[in-house]
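The structure appears below as structure tokens.
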Amino acid sequence: MDIRKLQRAIVDGLEDVKAKDIVVFNTEHLSPLFERVIVATGPSNRQTKALAASVRDSVKQRGMQVLRTEGEASGEWIIVDCGAA
């Protein structure tokens, strides 16, 4: 898998729903478990849920895999695990 394509899919999904403060951290040298951590914010729980859904859709539309999503019930914070990112 090309990490740049996965990163682009995630960032595109976030931008599509107007995420704020998108930051991409290169973690290749810190952990063998993942290569990128991408963080973004939304102004409300509804927005964070929409951001997570948009990321999942964007990644899947490009033929890549979403492993799981955590924290979506409350919407305070959500992790979308895409493996390498």
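The values are calculated or read from the model by the stated rules, or taken from the named source; none is laboratory data. What you see is a predicted model; the values in this text were computed from it and never measured. Cβ atoms come from the backbone with ideal geometry, glycine included; neighbour counts cover every protein chain shown. Heavy atoms of the whole protein, side chains included, go into the accessibility calculation; ligands, DNA and RNA do not. Shrake-Rupley method; radii C 1.70, N 1.55, O 1.52, S 1.80 Å.
Data table
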{"item": "Qualifying residue in segment 47-57 (condition: touching a residue at least 24 places away in the same chain (Cβ under 8 Å) and more than 13 Å from the chain's Cα centre (by Cα))", "result": "yes"}
{"item": "Contacts under 7 angstrom Cβ, first residue in segment 15-43 being on the phi < 0 side of the Ramachandran plot and loosely packed, with under 14 Cβ neighbours inside 10 Å, partner assigned to a loop (DSSP other than H, G, I, E, B) and among the small types (Gly, Ala, Ser), 6 or more apart", "result": "LYS20/GLY42"}
{"item": "Those residues of segment 1-14 which are without any contact (Cβ under 8 Å) to a residue 40 or more places away in the chain and part of a loop (DSSP other than H, G, I, E, B), in sequence order", "result": "ASP2"}
{"item": "Index of the failed condition, ALA73 passing every other in (1) outside any helix (DSSP H, G or I); (2) closer than 15 Å to ASP12 by Cα; (3) open to solvent by 60 Å² or more (accessible area, probe 1.4 Å)", "result": "(2)"}
